[in-house]
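Below is one structure, written out as structure tokens, with a few remarks after it.
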Amino acid sequence: MNTSPLRNNLTFFITLTVYWLFQLLLLLIHGYKDSFLLLNSLHFSALDYPMFVLTHLGDPLIITSLLALLLSGRNPQGVLYIIVAVTLTGLFGQLLKNTFFEGWDRPLQVFREIAGVHTVAGYKMYHNSFPSGHSIVVAAAITAAMLISKTGKWMQVSAALFVALVSYTRTYVGVHFPGDVLTGTLIGSAGAILLFRPVYGNLIKRNNSGSDSRKGRTLKTLHIIAVVSFVLGIYLIAESLS
């Protein structure tokens, strides 16, 4: 088990911090609403479909399934930790959305009398804007994946940029303010860090005391769950759009 996950992933967190500072500066200069109008206005027809695809990588079923297929062979306990981190941080985000910030509407509702809010492929939402759930999920999943992995600096930079890009797409497709995205990525990363030792540490201890047959069953189960979850995630996204 990595005894110093934060230090070993310092490049990842530095890159992510630069992104957070950029979002914070944008909010301080332009405000919560106008910062959305600025970023959302920067759109190009050639990017619409790629951004639409990328934004759904923040769906919990999609990203956890992909990471499970990539990592379960060499670190099934890590996959379980990622699932726990995504689930708990995601639930925390939904709790905030539906209680303290229930009245915070999305850009299409706030700017309903302003023409020019850019949306993609009929993907429209109006309520429960703060914080961004997809941003929470992608930040939690990728942060957790980095904490359990040993990667080089370029991979860490790429992982942080992936978090930034997927969370940014929420503003590009017109469903979240930059403040929603900033808060979401902070919640996701912080949650993954806080859960690392109590969750991943205990999973490693249990695995070391388990039999080989039990480890094999765990691996097969993860593969099955990953495939089913990925298919289900695609289906639910298609249903929501229809």
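First select every other residue whose beta carbon is under 10 angstrom from the beta carbon of His134; then total the charges, Lys and Arg +1, Asp and Glu -1.
Numbers: positive: Arg170; negative: Asp59, Asp180.
With Lys, Arg at +1 and Asp, Glu at -1, the neighbours total -1.
Note the count of lysine pairs whose C-alpha atoms are less than 18 angstrom apart in the chain, limited to pairs 8 or more residues apart or on different chains. Provide the component values of the computation, followed by the final result.
Details: Lys33/Lys97; Lys33/Lys124; Lys97/Lys124; Lys205/Lys215.
Summing the qualifying lysine pairs gives 4.
For the stretch 1-61, the gyration tensor built on C-alpha atoms gives an oblate shape. Its axis ratio a/c (a ≥ b ≥ c) is at least 1.5, and a/b is not larger than b/c. Computed from Cα atoms, the angle from the helix 178-195 axis to the main principal axis of the chain rounds to 10 degrees. Any chance you could check the Cα centroid distance between the stretch 168-205 and the stretch 28-101 for me, in angstrom? Cα centroid of the stretch 168-205 versus Cα centroid of the stretch 28-101: 8 Å apart. Can you pull out the chymotrypsin sites (Phe, Trp or Tyr not before Pro) in the stretch 61-147 that DSSP calls coil and that have at most 12 other Cβ atoms within 10 Å? Filter output for the stretch 61-147: Phe100.
Label reach from Ile29 (point 7 Å along Cα→C-beta): in the stretch 146-179, amide nitrogens under 17 Å belong to 178-179. Between Lys124 and Leu194, the FRET efficiency from the beta-carbon distance, with R0 = 41 Å, is close to 0.75. Axis angle, to the nearest 10 degrees, between helix 45-55 and the longest C-alpha principal axis of the chain: 40 degrees.
Bear in mind these aren't lab numbers, they're just calculated from the coordinates by the rules spelled out. As the structure is a prediction and not an experimental result, all values here were calculated from the model. Note that we place each Cβ from the backbone using ideal geometry, even for glycine, and neighbour counts take in every protein chain shown.
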